[in-house]
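Notes for the one structure printed next.
The values are calculated or read from the model by the stated rules, or taken from the named source; none is laboratory data. Computed from a predicted structure; not experimentally measured. With ideal geometry, Cβ positions are generated from the backbone for all residues, glycine too; neighbour counts draw on all protein chains shown.
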Amino acid sequence: MEYPAIPMPIEIRLPECPRGLGSIITSPQSPELIAGVEVEPATVYPDDRGWFLEVGRVGQSLLARFPNPTIQVSASVSYPGTIKAFHYHSKQFDYWVPVQGMLQVALVDLRADSPTFGARNTFYVGTLRPWRLLIPPGVGHGYKVIGTEAAVLVYVTSRYYDPQDEGRIPYNHPGINYDWETQRR
């Protein structure tokens, strides 16, 4: 089963948000999730040699909707304090699985016709909260590495990388107004 076709073109519009984090998502079933964003917990299997985490299975769960011939799997390592934000896609779904370290993930709905346009979600995910995130087209996304160790993010995309499908927005854009500062000092 693939995701429904995305109406083309998606009208992207930058919101005017108050400074802050938006809704902090602490449950995969949160009613505050941006429309189309999906979350599922992953299980970590530790033993005396280390640990194992299943990133996903093609054809099952959140990946069931990705068309097999165009799936791309990538990984990124980022050092503590690094901010990589914001970017979005017009056609591509992203499936993120942080496998090491901790990330503060920020999402913002840029879809002008979305019922959650302008909504922001913050997720604290990684080693201590192994969640898989599905990010639909038109939702801006980025992250900050929190903690003292590098973070490793494995991500699967529903299409091969196409620079024409990607838009970029500065991490400190005044309309998104996301607060990247440490909140609990």
Practice prompt. Starting from segment 10-33, keep only residues that are more than 15 Å from residue 129 (Cβ to Cβ), then list their pairs with residues that are at pLDDT below 95 and hydroxyl-bearing (Ser, Thr, Tyr) whose Cβ atoms are within a distance under 7 Å, requiring at least 6 positions of separation or different chains.
Written response: 10/90
Fill in: Residue count, segment 150-175 (criterion: surrounded by 14 or more Cβ atoms within 10 Å (Cβ to Cβ) and in contact with a Gly (Cβ under 7 Å, 6 or more places away or on another chain))
5
Worksheet item: Do the conditions hold for residue 109, that is, is it closer than 15 Å to residue 37 by Cα and not polar (S, T, N, Q)?
Response: yes
Worksheet item: If you check 81, 56, which single one turns out to be in contact with a helix residue (DSSP H, G or I) (Cβ under 9 Å, 6 or more places away or on another chain), at positive phi and small (Gly, Ala, Ser)?
Response: 56
Item to complete: Go through the residues of segment 165-174 one by one and say whether even a single one is modelled with pLDDT under 95 and under 16 Å from residue 55 (Cβ atoms).
Response: no
Discussion item. If I filter segment 106-139 down to residues being farther than 19 Å from residue 54 by Cβ and among the charged types (D, E, K, R), which single residue comes out as surrounded by the fewest Cβ atoms within 10 Å (Cβ to Cβ)?
Written reply: 113
Worksheet item: Quick one: in segment 162-185, which of the residues that are part of a loop (DSSP other than H, G, I, E, B) and basic (Lys, Arg) is farthest from the chain's Cα centre (by Cα)?
Response: 185
Discussion item. Looking at the structure I just gave you, is residue 159 part of a loop (DSSP other than H, G, I, E, B) and in contact with a helix residue (DSSP H, G or I) (Cβ under 7 Å, 6 or more places away or on another chain)?
Written reply: yes
Worksheet item: Take the residues of segment 71-105 that are among the polar types (S, T, N, Q) and not in a strand (DSSP E or B): which is surrounded by the fewest Cβ atoms within 10 Å (Cβ to Cβ)?
Response: 82
